[in-house]
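The values are calculated or read from the model by the stated rules, or taken from the named source; none is laboratory data. Just so you know, these numbers come straight off a predicted model, no measurement behind them. Neighbour counts are summed over all protein chains in view; Cβ atoms, including those assigned to glycine, are modelled from backbone coordinates with ideal geometry. When the accessible area is computed, the model is the full protein with side chains, heavy atoms only, and any ligands, DNA or RNA have been set aside. Shrake-Rupley method; radii C 1.70, N 1.55, O 1.52, S 1.80 Å.
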Amino acid sequence: MPIELRYDNMFSSRLGEGRGIDSDRFHSFAARFREIQSDVEARRAAGQLGFYDLPYLHDVVESIEKFAHGGGQAFSNLVVLGIGGSALGATALRSALLDPYWNELSDEERGFYPRLYIVDNPDPATFAALLRRVDVRKTLFNVVSKSGGTAETMSQFLIVRDKLHEAIGDGYRRHLLFTTDPEKGVLRRLANEEDIAALPIPQNVGGRFSVLSSVGLLPAAMTGIDINQLLAGARAMDDRCRSDQLLDNPAAVYAVLQYLADTEYGAPIHVMMPYSDPLKDVADWFRQLWAESLGKQRSLTGEEIFVGPTPVKSLGATDQHSQVQLYIEGPFDKTITFINEADRREDITIPSVYPDVSELGYLGGHTLGELLRVEKEATEEALTQRGRMNMTIEVPTVDAFVMGEIIFLLQIATVYAGALYGVDPLDQPGVELGKQLTYKAFGRV
Ligand code: PA5
């Protein structure tokens, strides 16, 4: 069963007078979307939207799988050093597809795949603790940086390189694997000069669109995730999103609804709220994708426009006890996108221990999965009754195929949203400015 978007609750017909999107206005975007799709298809054919090609690069998959199931299994730990788009996708895959306590499982329970640490922030408190925990002689450090110059990742790399050299001398090379630009950047240079293994990130694929490149595939394959299924899911979503008919293309529906909510219906805040621990880091990954791609000072034609919705990550049912009060009664400045899992991989029945105690008895015989489902439905209904725009990504279950579908749905929706806002979703001049100022402060020439 493919993933589905349920979006009736975005419309004023459901939310009541003066609330939600007018459905005629939504449908009036059909023609505009046909133009957008034809432009996207042209840019895709011209190789400007490289992420679209990732699910079709079968050679890359083969070589990653070979490494993961061969030499890769010699390591007890895999440490990914990367930040932003170089870490968030792999983290989302880990949370969705591995046991939540993966690193605490025994070697047998992990199928002899390594433990996985994804470092991201260069906070010394975390990094020092990690270096105390892992034996570098049994660890592969995957240094992931498209540019090969990001200060956070390069600092971690330098520390690790030093530690490795101290522990094993020249053998340090075998404990490093770079994932970087195929030609440019210091990591590529070092890979060539010092004979360090390196995987390519295609030149036309940027950080936040790179999860289905070796950036996400290597850590996934090395921990036994079925990357063929992941890419098959992305291809299936790609097929659905080739349509230039607004209503047949789920990424287009997603983008147009969120764009309208922001620009015409006063809702610039886009909350993503999975009722699912495995999917909680999809919301974190998406937050970067939507924010960095759409938050822009200038339009494609160079005018100052200062646009961009604000993505917020949330988690059900946890945030029912933290954020939902605000969502239901606060300003009408948000849309809520739930992600709902129809079939959970596991479920636990709540025992009927106190059938006669009214505060406890009603739970007995139900499952935790049912509790989450009912709570999601209750929150959805409460939001709808109070005129709050909400929609749901319905996923049949959480597996590698579905993750591929979700990732591609949201990436394609981001490209369409970029076209609607009139911005380039693939650049990030603001991030680059911060990077340049850091280099300057450290005296880099
Ligand atoms: O999406 C992006 O391009 C950024 O978030 C980058 O992923 C992030 O800044 C890290 O860059 P790099 O991979 O070059 O180290």
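A few notes on this one:
- Residue check for F286: within 16 Å of the ligand (Cβ to nearest atom), among the hydrophobic types (A, V, I, L, M, F, W, C) and either more than 26 Å from G84 (Cβ to Cβ) or in contact with a Pro (Cβ under 8 Å, 6 or more places away or on another chain) (or both): yes
- Scanning the stretch 12-27 for residues that are among the acidic types (D, E) and at pLDDT 95 or above turns up D22, D24.
- Among residues of the stretch 299-335, those that are acidic (D, E) and within 17 Å of P268 (Cα to Cα), counted: 2
- Out of A74, A129, sole residue that is open to solvent by 50 Å² or more (accessible area, probe 1.4 Å), among the small types (G, A, S) and more than 16 Å from the ligand (Cβ to nearest atom): A74
- Only one of the numbered conditions (1) in contact (Cβ under 8 Å) with a residue 12 or more places away in the chain; (2) open to solvent by 20 Å² or more (accessible area, probe 1.4 Å); (3) of a type outside the set (S, T, Y) is violated by L54, and that is (2).
- Of L363, L383, L372, L410, all but one fail to be within 16 Å of the ligand (Cβ to nearest atom), open to solvent by less than 80 Å² (accessible area, probe 1.4 Å) and under 21 Å from S276 (Cβ atoms); the exception is L410.
- Check on L426, assigned by TED's automatic domain parsing to the domain that holds N9 and free of Cβ contacts under 8 Å to residues at least 40 places away in the same chain: no
- Residue count, the stretch 79-113 (criterion: under 11 Å from the mean Cα position of the chain (by Cα) and either open to solvent by less than 10 Å² (accessible area, probe 1.4 Å) or within 16 Å of the ligand (Cβ to nearest atom) (or both)): 11
- The residue of the stretch 415-435 that is nearest to the ligand (Cβ to nearest atom), among those that are in a helix (DSSP H, G or I) and open to solvent by less than 50 Å² (accessible area, probe 1.4 Å), is G434.
- Selection within the stretch 17-51 - acidic (D, E) and open to solvent by less than 60 Å² (accessible area, probe 1.4 Å): E41
- Of the residues in the stretch 393-405, at least one is surrounded by 22 or more Cβ atoms within 10 Å (Cβ to Cβ) and in a loop (DSSP other than H, G, I, E, B).
- Filtered by the rule that a residue be surrounded by fewer than 21 Cβ atoms within 10 Å (Cβ to Cβ) and in a helix (DSSP H, G or I), the stretch 288-310 gives Q288, A291.
- Elements of type helices (runs of 4 or more DSSP H) contained in the stretch 146-259, each with 1 or more residues being within 16 Å of the ligand (Cβ to nearest atom) and open to solvent by 30 Å² or more (accessible area, probe 1.4 Å): 151-168, 186-194
- Listed by first and then second residue, the pairs linking a residue in the stretch 295-316 that is outside the structural domain of E375 (by TED's automatic domain parsing) to a residue that is of a type in the set (D, E) and open to solvent by 50 Å² or more (accessible area, probe 1.4 Å), with Cβ atoms under 8 Å apart and 6 or more places separating them unless they lie on different chains, form an empty list.
- The numbered conditions (1) at negative phi; (2) over 18 Å from the mean Cα position of the chain (by Cα) are all true for G443 except (1).
- Residue count for the stretch 214-244 under the criterion of being of a type in the set (S, T, N, Q) and in contact with a Phe, Trp or Tyr (Cβ under 8 Å, 6 or more places away or on another chain): the result is 2.
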